[in-house]
Amino acid sequence: MTNIVILTGAGISAESGLGTFRDEGGLWAQHRIEDVATPGAFERTPDLVHAFYNTRRAQAAEAGPNAAHLALAKLEQHHSGSFLLITQNVDGLHEKAGSRKIIHMHGQLDRALCHVCGYRWDAPTVMQTGDPCPKCAAQATRPDIVWFGEMPYQMDFIYEHLANADLFVSIGTSGEVYPAANFVAEAKHAGAHTLELNLEPSSRASAFAEVRVGKASQMVPEWVAEHTL
Ligand code: APR
(Lines give C-alpha, C1' and ligand atoms only; values in the text may rest on other atoms or scores of the structure.)
Protein backbone atom coordinates (compact mmCIF):
# COMPACT_ATOMS: atom_id res chain seq x y z
CA MET A 1 0.00 0.00 0.00
CA THR A 2 1.72 3.20 -1.19
CA ASN A 3 1.17 6.39 0.79
CA ILE A 4 1.27 9.26 -1.70
CA VAL A 5 1.75 12.93 -0.77
CA ILE A 6 1.49 15.54 -3.51
CA LEU A 7 2.52 19.22 -3.24
CA THR A 8 1.34 21.68 -5.88
CA GLY A 9 2.24 25.28 -6.61
CA ALA A 10 1.17 28.01 -9.03
CA GLY A 11 2.79 26.23 -11.99
CA ILE A 12 0.02 23.61 -12.09
CA SER A 13 -2.53 26.38 -12.70
CA ALA A 14 -0.45 28.33 -15.25
CA GLU A 15 -2.04 26.48 -18.20
CA SER A 16 -5.46 27.33 -16.78
CA GLY A 17 -4.57 30.97 -17.41
CA LEU A 18 -3.70 31.96 -13.83
CA GLY A 19 -0.41 33.79 -13.34
CA THR A 20 2.41 32.35 -11.28
CA PHE A 21 4.37 34.47 -8.78
CA ARG A 22 8.02 34.32 -9.78
CA ASP A 23 8.01 33.62 -13.50
CA GLU A 24 8.76 36.46 -15.93
CA GLY A 25 5.99 39.07 -15.43
CA GLY A 26 4.52 37.08 -12.55
CA LEU A 27 2.41 38.47 -9.71
CA TRP A 28 5.44 39.53 -7.68
CA ALA A 29 6.73 41.48 -10.66
CA GLN A 30 3.41 43.40 -10.74
CA HIS A 31 2.93 43.96 -6.99
CA ARG A 32 5.32 44.21 -4.04
CA ILE A 33 4.66 41.42 -1.52
CA GLU A 34 4.94 43.95 1.31
CA ASP A 35 2.14 45.99 -0.29
CA VAL A 36 -0.45 43.21 -0.77
CA ALA A 37 0.47 39.99 1.03
CA THR A 38 1.47 40.75 4.64
CA PRO A 39 -0.55 41.54 7.81
CA GLY A 40 1.17 44.93 7.85
CA ALA A 41 -0.03 45.70 4.32
CA PHE A 42 -3.62 44.89 5.36
CA GLU A 43 -3.26 47.09 8.43
CA ARG A 44 -1.92 50.01 6.38
CA THR A 45 -3.93 49.78 3.16
CA PRO A 46 -6.83 47.28 3.45
CA ASP A 47 -8.52 48.64 0.32
CA LEU A 48 -5.44 47.88 -1.81
CA VAL A 49 -5.15 44.38 -0.36
CA HIS A 50 -8.86 43.68 -0.92
CA ALA A 51 -8.53 44.95 -4.51
CA PHE A 52 -5.58 42.60 -5.13
CA TYR A 53 -7.51 39.56 -3.87
CA ASN A 54 -10.83 40.63 -5.45
CA THR A 55 -9.07 40.63 -8.85
CA ARG A 56 -7.49 37.22 -8.24
CA ARG A 57 -10.81 35.82 -6.87
CA ALA A 58 -12.63 36.92 -10.06
CA GLN A 59 -9.88 35.42 -12.28
CA ALA A 60 -9.93 32.14 -10.35
CA ALA A 61 -13.74 31.95 -10.59
CA GLU A 62 -13.45 32.17 -14.39
CA ALA A 63 -10.63 29.61 -14.65
CA GLY A 64 -11.10 25.90 -15.27
CA PRO A 65 -8.97 22.94 -14.20
CA ASN A 66 -6.49 21.65 -16.77
CA ALA A 67 -5.38 18.07 -17.52
CA ALA A 68 -2.92 18.14 -14.63
CA HIS A 69 -5.60 18.95 -12.03
CA LEU A 70 -7.92 16.33 -13.56
CA ALA A 71 -5.20 13.66 -13.54
CA LEU A 72 -4.53 14.20 -9.81
CA ALA A 73 -8.27 13.86 -9.06
CA LYS A 74 -8.30 10.60 -11.03
CA LEU A 75 -5.26 9.30 -9.10
CA GLU A 76 -6.98 10.12 -5.78
CA GLN A 77 -10.10 8.22 -6.88
CA HIS A 78 -8.21 5.12 -8.03
CA HIS A 79 -5.44 4.98 -5.44
CA SER A 80 -5.90 2.26 -2.81
CA GLY A 81 -3.24 3.56 -0.37
CA SER A 82 -3.38 6.82 1.56
CA PHE A 83 -3.42 9.96 -0.60
CA LEU A 84 -3.00 13.61 0.36
CA LEU A 85 -2.88 16.65 -1.90
CA ILE A 86 -1.21 19.66 -0.26
CA THR A 87 -1.62 22.80 -2.33
CA GLN A 88 0.03 26.19 -1.94
CA ASN A 89 -2.53 27.47 -4.46
CA VAL A 90 -5.61 29.39 -3.39
CA ASP A 91 -7.45 29.19 -6.75
CA GLY A 92 -9.88 26.31 -6.08
CA LEU A 93 -8.93 24.48 -9.31
CA HIS A 94 -8.18 21.17 -7.56
CA GLU A 95 -11.76 21.11 -6.20
CA LYS A 96 -13.16 22.00 -9.63
CA ALA A 97 -11.24 18.98 -10.99
CA GLY A 98 -12.84 16.69 -8.39
CA SER A 99 -10.02 16.37 -5.83
CA ARG A 100 -11.29 16.00 -2.25
CA LYS A 101 -8.37 15.09 0.01
CA ILE A 102 -6.85 18.58 -0.13
CA ILE A 103 -4.98 20.72 2.37
CA HIS A 104 -5.01 24.42 1.44
CA MET A 105 -1.90 25.36 3.37
CA HIS A 106 -1.99 28.99 2.14
CA GLY A 107 -5.77 29.42 2.44
CA GLN A 108 -8.41 29.91 -0.25
CA LEU A 109 -9.54 32.89 -2.35
CA ASP A 110 -13.20 31.83 -2.05
CA ARG A 111 -13.14 31.90 1.77
CA ALA A 112 -13.29 34.87 4.16
CA LEU A 113 -12.06 35.11 7.76
CA CYS A 114 -12.99 37.37 10.68
CA HIS A 115 -9.83 38.29 12.50
CA VAL A 116 -11.75 39.10 15.68
CA CYS A 117 -13.70 35.86 16.23
CA GLY A 118 -11.98 33.54 13.74
CA TYR A 119 -15.24 32.71 11.93
CA ARG A 120 -14.83 31.52 8.28
CA TRP A 121 -17.40 31.67 5.51
CA ASP A 122 -17.68 31.63 1.71
CA ALA A 123 -16.19 34.91 0.53
CA PRO A 124 -18.38 37.26 -1.53
CA THR A 125 -16.98 37.96 -5.01
CA VAL A 126 -15.98 41.45 -3.87
CA MET A 127 -14.73 41.95 -0.32
CA GLN A 128 -14.50 45.48 1.05
CA THR A 129 -12.96 47.16 4.05
CA GLY A 130 -15.55 47.44 6.80
CA ASP A 131 -17.61 44.41 5.74
CA PRO A 132 -19.14 43.09 9.00
CA CYS A 133 -18.42 39.55 10.16
CA PRO A 134 -21.64 37.49 9.67
CA LYS A 135 -21.13 35.98 13.14
CA CYS A 136 -19.82 38.71 15.47
CA ALA A 137 -20.57 41.78 13.29
CA ALA A 138 -17.05 43.13 13.85
CA GLN A 139 -15.79 45.09 10.84
CA ALA A 140 -12.73 42.85 10.79
CA THR A 141 -13.11 40.67 7.74
CA ARG A 142 -10.14 39.63 5.57
CA PRO A 143 -9.44 37.16 2.78
CA ASP A 144 -8.78 33.69 4.27
CA ILE A 145 -5.26 33.73 2.83
CA VAL A 146 -2.06 32.96 4.74
CA TRP A 147 0.18 36.01 4.32
CA PHE A 148 3.94 36.17 4.59
CA GLY A 149 4.92 36.02 8.25
CA GLU A 150 1.84 33.94 9.15
CA MET A 151 1.80 30.21 9.89
CA PRO A 152 0.46 28.04 7.04
CA TYR A 153 -2.58 25.91 7.89
CA GLN A 154 -2.64 22.30 9.18
CA MET A 155 1.13 21.93 9.43
CA ASP A 156 0.96 19.15 12.09
CA PHE A 157 -1.33 17.12 9.83
CA ILE A 158 1.01 17.75 6.88
CA TYR A 159 4.13 16.63 8.77
CA GLU A 160 2.31 13.48 9.97
CA HIS A 161 1.61 12.54 6.35
CA LEU A 162 5.14 13.37 5.19
CA ALA A 163 6.53 11.15 7.98
CA ASN A 164 4.56 8.20 6.53
CA ALA A 165 5.00 8.96 2.83
CA ASP A 166 6.29 6.33 0.39
CA LEU A 167 6.06 8.72 -2.56
CA PHE A 168 6.29 12.56 -2.52
CA VAL A 169 5.61 14.43 -5.75
CA SER A 170 6.11 18.19 -6.07
CA ILE A 171 4.37 19.83 -9.06
CA GLY A 172 4.69 23.41 -10.36
CA THR A 173 6.46 25.09 -7.48
CA SER A 174 9.70 27.07 -7.43
CA GLY A 175 10.65 25.79 -3.99
CA GLU A 176 11.32 29.37 -2.90
CA VAL A 177 8.88 29.54 0.03
CA TYR A 178 9.18 27.66 3.32
CA PRO A 179 7.92 25.51 4.95
CA ALA A 180 6.63 23.92 1.69
CA ALA A 181 10.13 24.03 0.18
CA ASN A 182 11.34 21.70 2.92
CA PHE A 183 8.66 19.03 2.47
CA VAL A 184 10.97 17.10 0.14
CA ALA A 185 13.56 16.76 2.93
CA GLU A 186 10.87 15.57 5.38
CA ALA A 187 9.65 12.97 2.87
CA LYS A 188 13.18 11.80 2.06
CA HIS A 189 13.88 11.44 5.78
CA ALA A 190 10.84 9.16 5.94
CA GLY A 191 12.33 7.02 3.17
CA ALA A 192 9.95 8.20 0.45
CA HIS A 193 10.80 8.33 -3.24
CA THR A 194 10.79 12.02 -4.22
CA LEU A 195 9.82 13.31 -7.66
CA GLU A 196 9.69 16.89 -9.00
CA LEU A 197 7.51 17.68 -12.02
CA ASN A 198 8.22 21.28 -13.10
CA LEU A 199 8.66 23.48 -16.17
CA GLU A 200 12.30 23.92 -15.14
CA PRO A 201 14.35 22.48 -12.27
CA SER A 202 13.29 24.34 -9.10
CA SER A 203 15.74 25.74 -6.55
CA ARG A 204 15.19 22.50 -4.57
CA ALA A 205 15.60 20.15 -7.58
CA SER A 206 18.87 18.70 -6.22
CA ALA A 207 16.98 17.42 -3.16
CA PHE A 208 14.73 15.20 -5.30
CA ALA A 209 15.60 11.61 -6.28
CA GLU A 210 13.96 12.22 -9.66
CA VAL A 211 13.24 15.42 -11.65
CA ARG A 212 11.13 15.61 -14.81
CA VAL A 213 11.00 18.88 -16.75
CA GLY A 214 8.03 19.93 -18.86
CA LYS A 215 4.50 21.34 -18.77
CA ALA A 216 2.23 20.06 -16.02
CA SER A 217 -0.68 19.44 -18.40
CA GLN A 218 1.43 16.88 -20.24
CA MET A 219 3.73 15.49 -17.52
CA VAL A 220 1.16 14.97 -14.76
CA PRO A 221 -1.28 12.82 -16.80
CA GLU A 222 1.69 10.79 -18.11
CA TRP A 223 2.97 10.25 -14.58
CA VAL A 224 -0.51 9.40 -13.23
CA ALA A 225 -0.99 6.87 -16.06
CA GLU A 226 2.14 5.07 -14.75
CA HIS A 227 0.41 4.75 -11.36
CA THR A 228 -3.12 3.82 -12.30
CA LEU A 229 -2.38 0.91 -14.65
N1 APR B 1 3.96 23.43 -15.82
C2 APR B 1 4.77 23.10 -14.77
N3 APR B 1 5.45 24.01 -14.04
C4 APR B 1 5.28 25.31 -14.37
C5 APR B 1 4.45 25.73 -15.44
C6 APR B 1 3.77 24.73 -16.18
N7 APR B 1 2.97 25.02 -17.21
N8 APR B 1 4.52 27.09 -15.53
C9 APR B 1 5.34 27.50 -14.54
N10 APR B 1 5.81 26.43 -13.85
C11 APR B 1 6.72 26.44 -12.71
C12 APR B 1 7.77 27.51 -12.75
O13 APR B 1 8.94 27.04 -13.41
C14 APR B 1 8.05 27.75 -11.26
O15 APR B 1 9.09 26.89 -10.79
O16 APR B 1 5.94 26.71 -11.56
C17 APR B 1 6.75 27.35 -10.57
C18 APR B 1 5.96 28.53 -10.02
O19 APR B 1 6.75 29.09 -8.98
P20 APR B 1 6.18 30.35 -8.19
O21 APR B 1 5.67 31.37 -9.14
O22 APR B 1 7.22 30.74 -7.19
O23 APR B 1 4.89 29.79 -7.41
P24 APR B 1 4.87 28.89 -6.11
O25 APR B 1 6.05 28.00 -6.05
O26 APR B 1 3.52 28.27 -6.04
O27 APR B 1 4.98 29.98 -4.93
C28 APR B 1 4.88 29.48 -3.61
O29 APR B 1 4.87 31.73 -2.76
O30 APR B 1 4.21 33.88 -3.00
C31 APR B 1 3.95 32.74 -2.32
O32 APR B 1 1.90 32.15 -1.38
C33 APR B 1 2.56 32.23 -2.59
O34 APR B 1 1.82 29.94 -2.67
C35 APR B 1 2.78 30.85 -3.20
C36 APR B 1 4.18 30.49 -2.75
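Any residue at all in the stretch 104-115 that is part of a loop (DSSP other than H, G, I, E, B) and under 19 Å from the mean Cα position of the chain (by Cα)? Give the derivation first.
So the first thing to find is which residues in the stretch 104-115 are part of a loop (DSSP other than H, G, I, E, B), and the list is 105-106, 115.
Now drop any that are not under 19 Å from the mean Cα position of the chain (by Cα), which leaves 105-106.
The answer is yes, given that some residue of the stretch 104-115 is part of a loop (DSSP other than H, G, I, E, B) and under 19 Å from the mean Cα position of the chain (by Cα).
Would you please name the residue that is nearest to the ligand (Cβ to nearest atom), looking only at residues in the stretch 49-82 that are of a type in the set (S, T, Y) and farther than 30 Å from I33 by Cβ?
If we take residues in the stretch 49-82 being of a type in the set (S, T, Y) and farther than 30 Å from I33 by Cβ, then S82 is nearest to the ligand (Cβ to nearest atom).
Among the residues of the stretch 207-229 satisfying the criterion of being among the charged types (D, E, K, R) and in contact with a helix residue (DSSP H, G or I) (Cβ under 7 Å, 6 or more places away or on another chain), which is farthest from the ligand (Cβ to nearest atom)? So that I can check it myself, show each step before the final result.
Going through the stretch 207-229, the residues among the charged types (D, E, K, R) turn out to be 210, 212, 215, 222, 226.
Remaining after also requiring in contact with a helix residue (DSSP H, G or I) (Cβ under 7 Å, 6 or more places away or on another chain): 212, 215.
Details: R212: 10, K215: 4 Å.
So the residue we want is R212.
How many residues are open to solvent by 20 Å² or more (accessible area, probe 1.4 Å), more than 8 Å from the ligand (Cβ to nearest atom) and among the acidic types (D, E) if we restrict to the stretch 189-206?
Number of matching residues: 0.
Which pairs do you get when a residue that is more than 16 Å from R57 (Cα to Cα) and at pLDDT 95 or above, found in the stretch 121-143, comes within reach of a residue that is of a type in the set (G, A, S) and outside any loop (DSSP other than H, G, I, E, B), reach meaning Cβ atoms under 9 angstrom, with the pair 6+ apart or on two chains?
Note: pairs meeting the criteria are D131/A112; C133/A112; P134/A112.
Of the residues in the stretch 1-33, how many are of a type in the set (K, R) and in contact with an Asp or Glu (Cβ under 9 Å, 6 or more places away or on another chain)? Lay out the reasoning, then the answer.
Just the residues of the stretch 1-33 that are of a type in the set (K, R), to begin with: 22, 32.
Cutting the leftovers down to in contact with an Asp or Glu (Cβ under 9 Å, 6 or more places away or on another chain) gives us 22.
Count: 1.
I need a count of the residues in the stretch 207-229 that are aliphatic (A, V, I, L, M), buried (at least 19 other Cβ atoms within 10 Å of the Cβ) and over 21 Å from A185 (Cβ atoms). Let's see the steps before the verdict.
Initial filter on the stretch 207-229 (aliphatic (A, V, I, L, M)): 207, 209, 211, 213, 216, 219-220, 224-225, 229.
Still in the running and buried (at least 19 other Cβ atoms within 10 Å of the Cβ): 207, 216, 219-220, 224.
Those left that are additionally over 21 Å from A185 (Cβ atoms): 216, 219-220, 224.
Residues meeting the conditions: 4.
Scan the stretch 86-111 for residues that are touching a His at 6+ places or on another chain (Cβ under 6 Å) and of a type in the set (A, V, I, L, M) and jot them down.
V90, L93, A97, I102
Can you list the helices (runs of 4 or more DSSP H) found entirely within the stretch 6-60 that contain at least 3 residues being open to solvent by 40 Å² or more (accessible area, probe 1.4 Å), at pLDDT 95 or above and under 22 Å from A112 (Cα atoms)?
Answer list for the stretch 6-60: 33-36, 39-44.
The values are calculated or read from the model by the stated rules, or taken from the named source; none is laboratory data. Nothing here was measured: the structure is a model prediction, and the numbers come from that model. Note that we place each Cβ from the backbone using ideal geometry, even for glycine, and neighbour counts take in every protein chain shown. To get the accessible areas, we keep the full protein, side chains included, count just its heavy atoms, and leave off ligands, DNA and RNA. Shrake-Rupley method; radii C 1.70, N 1.55, O 1.52, S 1.80 Å.
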